[in-house]
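Structure first, commentary second.
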Amino acid sequence: MADRAALEEAVRLQGERVRGLKLQKAGAELIEEEVSKLLKLKAELGSDEGKQKFVLKTPKGTRDYSPRQMAVREKVFDVIISCFKRHGAEVIDTPVFELKETLTGKYGEDSKLIYDLKDQGGELLALRYDLTVPFARYLAMNKLTNIKRYHIAKVYRRDNPAMTRGRYREFYQCDFDIAGQFDPMIPDAECLKIICEILSALQLGDFLIKVNDRRILDGMFNVCGVPDSKFRTICSSVDKLDKMSWEDVKNEMVEEKSLAPEVADLIGAYVKQHGGVSLVEQLLQDPKLSQNKQALEGLGDLKLLFEYLTLFGITEKITFDLSLARGLDYYTGVIYEAVLLQAPAKQGEEPLGVGSVAAGGRYDGLVGMFDPKGRKVPCVGLSIGVERIFSIVEQRMEASEEKVRTTETQVLVAAAQKKLLEERLKLVAELWDRGIKVWMKNPGRKSPVLPWSLQAELLYKKNPKLLTQLQYCEETGIPLVAIIGEQELKDGVVKLRSVASREEVDIRKENLVEEIRRRTSQYPPHLLN
């Protein structure tokens, strides 16, 4: 009993700590951590009957999504996927886990964030860290040298999550990649164009895409006197300049990575510069960089890239930023990262600093790491940071109290009188069956290409009141109600009611599907003929 008393006292004290933190409006992560401790104590305490109490929470760095949140996520995914398809991409999928040896050695210092799995059937496995390395493995394994693909799937990182800023341990990535031997900078320019299209379509606010080149970085490190063995680790430090001050980054280089202070100062003089094509021209004349072959190649390609970006009409969204490093080891050329210039802050919203919302670059050597003969397949790609985008969209929805439909139901089958359950069931089944048999034809094709399905519901009560059925439609956003009554059954009609206008019209039963389709279809009329 003494042990139980001690546990009860610990529960009481931890409960007071949680309440105190909430009153002080402490950080969400701290509160979540202390609540987790409280729940564990309560579970350990159990009940008087000795029944085990489960800790009802998702694992750290993960979350559940409500129907409302999922409806928003699907709309964001639709915008992204439609853009990827518009640019001619095919879709692939790969396993959620890979052989551990496939993933190790590809991510630099971030390799420590890979989730290892226990030995399964004689194989050492790990959860995928991103979608790029599995894609490179896929290319090498299938001997592919040319593909434009997109892939949307979950990845896993054993990171310290910051969920209020859209940073999780389990999260989606939306990747688009172009693999193949093409003329310089044309695919790279298209990737930047795609990022602009997606971020503009999602209306997240003003954004900027930082661009750099790993060859310029390596050339810069070389002329500044960084030892070859420290290139990658110093690159990782430079990559933190968007989160840390230059003084803190310099201190990390000097104190933790043993770089000479004067070398760090030379790097600082370069990485503080940013601009447009004029900065590229300026660095082409730099007495040190212009003598470095790698830097010269990178600057030449960036100059060409800006020419293509001008033709695409997006140069106002692009800045050449020498502090951009992208810490992953596999990048070999152009790299880029899109950031929101300011978080949207409408009335009632708190500003939300979410950092990078898209990134990518060129990785020409990654496929060769998997090919038995070391054959290289040039690749360039991008990844959309959808979790951070969702954080912004969700906050905006909460502030505006915007109503979001969580289903796509077009019509509710309702009854005006009692004892019509059988008729309702027959009608809703007919709508389901007939709806999927209505085909949309694409002009110029002989065969149907897209099925059109009708989404219909009914309430699961034998004799629901008509008012209850109409209120359900208003609450869920169902636009139409197909009402049947004794008189309608005799006349062979259905009363079709518009929920918004409350207008009602009698429709012959055999014409009902076509009328619902006409009123609710999102497709142009010529596709419905």
Filter segment 239-253 down to residues that are touching a residue at least 40 places away in the same chain (Cβ under 8 Å) and out of contact with any helix residue (DSSP H, G or I) (no Cβ under 6 Å at 6 or more places or on another chain) and give me whichever is most open to solvent (accessible area, probe 1.4 Å). 243
Determine which single condition residue 55 fails, assuming it passes every other condition in (1) part of a helix (DSSP H, G or I); (2) open to solvent by 50 Å² or more (accessible area, probe 1.4 Å); (3) not acidic (Asp, Glu). (1)
Can you pull out the residues in segment 263-302 that are exposed (fewer than 15 other Cβ atoms within 10 Å of the Cβ), touching a residue at least 24 places away in the same chain (Cβ under 8 Å) and not small (Gly, Ala, Ser)? 272, 273, 291, 293
Mind telling me which of the residues 437, 465, 441 ends up being at pLDDT 95 or above and open to solvent by 100 Å² or more (accessible area, probe 1.4 Å)? 465
Note on residue 93: of the conditions (1) in contact with a Phe, Trp or Tyr (Cβ under 8 Å, 6 or more places away or on another chain); (2) farther than 20 Å from residue 371 by Cβ; (3) part of a loop (DSSP other than H, G, I, E, B), unmet is (1)
May I ask you to list pairs of residues, at least six apart or on different chains, whose Cβ atoms are under 7 Å apart, with the first in segment 364-391 being charged (D, E, K, R) and the second being part of a strand (DSSP E or B) and at pLDDT 90 or above? 364/379; 387/171; 387/172; 388/357
Looking at segment 221-317, what helices (runs of 4 or more DSSP H) fall wholly within it and have at least 2 residues that are within 18 Å of residue 208 (Cα to Cα)? 277-284, 293-312
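The rows are residues; the columns are (1) modelled with pLDDT under 80; (2) open to solvent by less than 40 Å² (accessible area, probe 1.4 Å); (3) not hydrophobic (A, V, I, L, M, F, W, C).
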position	(1), (2), (3)
12	no, no, yes
16	no, no, yes
31	no, yes, no
34	no, yes, yes
38	no, yes, no
45	yes, yes, no
Within segment 354-393, which residues are of a type outside the set (A, V, I, L, M, F, W, C) and under 13 Å from residue 202 (Cβ atoms)? 385, 388, 391
Filter segment 374-399 for residues that are in a strand (DSSP E or B) and of a type outside the set (Val, Ile, Thr); which is most open to solvent (accessible area, probe 1.4 Å)? 383
Residues being among the hydrophobic types (A, V, I, L, M, F, W, C) and either assigned to a loop (DSSP other than H, G, I, E, B) or modelled with pLDDT of 95 or more (or both): count how many of those fall in segment 112-126. 1
Would you please name the residue that is farthest from residue 158 (Cα to Cα), looking only at residues in segment 69-90 that are part of a helix (DSSP H, G or I) and acidic (Asp, Glu)? 78
Residue tally, condition in contact with an Asp or Glu (Cβ under 9 Å, 6 or more places away or on another chain) and among the basic types (Lys, Arg), over segment 497-507: 1
What residue, of 153, 140, is open to solvent by less than 50 Å² (accessible area, probe 1.4 Å), assigned to a helix (DSSP H, G or I) and within 30 Å of residue 233 (Cα to Cα)? 140
Residues satisfying the stated conditions in segment 270-324, i.e. small (Gly, Ala, Ser) and more than 18 Å from residue 184 (Cα to Cα): 275, 276, 278, 290, 313, 323
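The values are calculated or read from the model by the stated rules, or taken from the named source; none is laboratory data. Please read these numbers as outputs of a predicted model, since none were measured by experiment. Ideal geometry is used to build each Cβ from the backbone, glycine not excepted, and the neighbour counts take in all protein chains shown. The protein model used for the area step is the full one, side chains on, heavy atoms only, and it has no ligands, DNA or RNA in it. Shrake-Rupley method; radii C 1.70, N 1.55, O 1.52, S 1.80 Å.
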